[in-house]
Amino acid sequence: MSQDYSLGSVQTALTPQERFEEYLQSRGMRNTDQRRVLIERVFSSHDHFDADSLIEQLPRKGEDGYVSRPTVYRTLAEFVDAGLLRKFELDGRAVYEHDYGYPQHDHLYCTQCQKLIEFKSDELMQLREQVGRAHDFRVTGHRLIINGVCGDCRRQSRRPKRKQDLI
């Protein structure tokens, strides 16, 4: 029996850019060129990332579209506050993922290659609600990260050791 653990999609009324613009206006803040560069980059693909990996993808100092390190950190915090990104700790570093327009989901984390695999489980959601009811607790969300070793890393470790691998 095959289970479908894919995330699917959530319909949103606004694009991430429009949602962020609304957030900034509600706080009397301007949408600067640097903020626009960051939101374009962050939402150009669905990847988990940390601030350092984002900075590596941005133009260098002196190039058009440059964003300073402090601005990156400050703007990431604004994206989280605006409900666009979710931040969590993984191996002592802050990791970000898209939150706006994405359903509640969980992760498998490979401790060897640091790959994150997203999945959604209806059974897990039902269990979460059952446990909440049993404790007279209103569940508003959860975070589950299952640690282990992915198939690619397991297959690599099965190959026979060569003499040069032992050095």
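The values are calculated or read from the model by the stated rules, or taken from the named source; none is laboratory data. What you see is a predicted model; the values in this text were computed from it and never measured. All Cβ positions, glycine included, derive from the backbone under ideal geometry; neighbour counts span all protein chains shown.
Observations, loosely collected:
- Just one of the listed residues (GLN156, GLN114, GLN126, GLN130) is on the phi > 0 side of the Ramachandran plot and not assigned by TED's automatic domain parsing to the domain that holds HIS46, namely GLN114.
- From the options LEU38, LEU85, LEU108, residue that is at pLDDT 90 or above, farther than 29 Å from GLN126 by Cβ and not charged (D, E, K, R): LEU38
- The range 132-150, residues that are over 24 Å from ARG93 (Cβ atoms) and exposed (fewer than 12 other Cβ atoms within 10 Å of the Cβ): ARG133, ALA134, HIS135, ASP136, PHE137, ARG138, THR140
- Any hit, the range 145-162, residues being farther than 20 Å from CYS110 by Cα, assigned to a loop (DSSP other than H, G, I, E, B), modelled with pLDDT of 90 or more and among the basic types (Lys, Arg): no
- The set of residues in the range 73-87 that are touching a Lys or Arg at 6+ places or on another chain (Cβ under 6 Å) and within 19 Å of HIS142 (Cβ to Cβ) contains only VAL80.
- Matching residues in the range 12-53 - criterion: being hydrophobic (A, V, I, L, M, F, W, C) and in contact with a helix residue (DSSP H, G or I) (Cβ under 6 Å, 6 or more places away or on another chain): PHE20, LEU38, ILE39, PHE43, ALA51
- Residues in the range 103-115 that are crowded, with 16+ Cβ neighbours inside 10 Å and in contact (Cβ under 8 Å) with a residue 40 or more places away in the chain: HIS105, ASP106, LEU108, CYS110.
- Test: GLU118 is free of Cβ contacts under 8 Å to residues at least 24 places away in the same chain, surrounded by fewer than 17 Cβ atoms within 10 Å (Cβ to Cβ) and touching a strand residue (DSSP E or B) at 6+ places or on another chain (Cβ under 9 Å): no
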